[in-house]
Amino acid sequence: MLGRLFSRYAARSVTVVLAVLAAGLLHTAPAQAAYGAQLPVQVQVVDGDYNYSQNLGRASGWVQFDSGKRKFRYSLTVDRQSSYTPPDIFIYANGSLAVTEWNAGGTITGEFEHSYDIQYVRVVIQGDTFHGSSYVSYRSDGGGKNHGSSYGRVYNPYV
C-alpha cells in the first residue's frame, strides 16, 4: 500500500514538473513590429554661390518606419556629381543626429533604433568645392557657407 501511494505521488510530481517545463518551453515570443511602406526621399546639394552654381551631390532612395514607432531603416544611392570629395550623409531622427556616413558613395543602407518614438527622419547631404583657393562646404539643409537646395524630411506614418 505504501509503495502504491508513493508511486502515485511520484507520478503526479513528475507530471506537474513536465507540465511546468512544457509551459516554459512553449512561451510565445512578444510580437515584432512590422515595417511599413518604403517612403521616397531625395536631396540635392548645390554650390550656393551665384558665380559658380553647380550640383555638388545628390542622394535618393527610401526610408521605412516600423509600426513600433522607434525604428527606421534606409537605403540611399549617393551620386558625387561635382563635389571635390565624396559627399557626407547625415540622417537626423526628430532633429537629433542619428547616422553619419562620411565620404559616402554608391548605395548605403542601415537601420537605426531610438529609445523613444520617431516623429520624422531628415536626410542631409554635404558637398564641397573650391572658389579660387578657398575651400567651401555646402549642405542640402542650408548649413555651411551658404544654402543648399532641398530638404529631405520624411514623416513617420505610425505616429
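Points to keep in mind about this one:
- Positive dipole terminus of segment 68-159, leading residue within Ala98, Tyr116, Val159 (C-beta point charges): Val159
- Fully extending the segment from Ser75 to Gln119, taken as 0.36 nm per residue of separation minus the present Cα-Cα distance, adds 14.0 nm.
- Residue-wise HN-Hα coupling along segment 125-133, computed from phi with Karplus coefficients 6.51, -1.76, 1.60 (Hz; x: Gly, Pro): 10, 10, x, 9, 7, 10, 10, x, 9
- Amide H contacts of Gly48 (H built 1.01 Å from N, in plane; Pro and chain starts excluded): His147 sit under 5 Å, all sequence-distant by 5 or more or on other chains.
- Sum of side-chain charges, Lys71 neighbourhood, beta-carbon under 10 Å (Lys, Arg +1; Asp, Glu -1): 0
- Residue by residue, segment 110-116 carries 3J(HN,Hα) couplings of x, 9, 9, 10, 9, 8, 9 Hz when phi is fed to the Karplus relation 6.51 cos²θ - 1.76 cosθ + 1.60 (θ = phi - 60°); x denotes Gly or Pro.
- Here the Karplus curve 6.51 cos²θ - 1.76 cosθ + 1.60, taken at θ = phi - 60°, turns the phi angles of segment 34-46 into couplings of 9, 7, x, 5, 7, 8, x, 9, 8, 9, 9, 10, 10 Hz, with x standing for Gly and Pro.
- Protection proxy ranking, peptides 119-128, 61-70, 103-112, average beta carbon neighbours within 10 Å, highest first: 119-128, 61-70, 103-112
Quick note: the coordinates plus some simple rules give every number you see, no bench work behind them. Being a predicted model, the structure only gives us computed values, none of them experimental. As a convention, Cβ positions derive from the backbone with ideal geometry for all residues, glycine included, and neighbour counts pool all protein chains shown.
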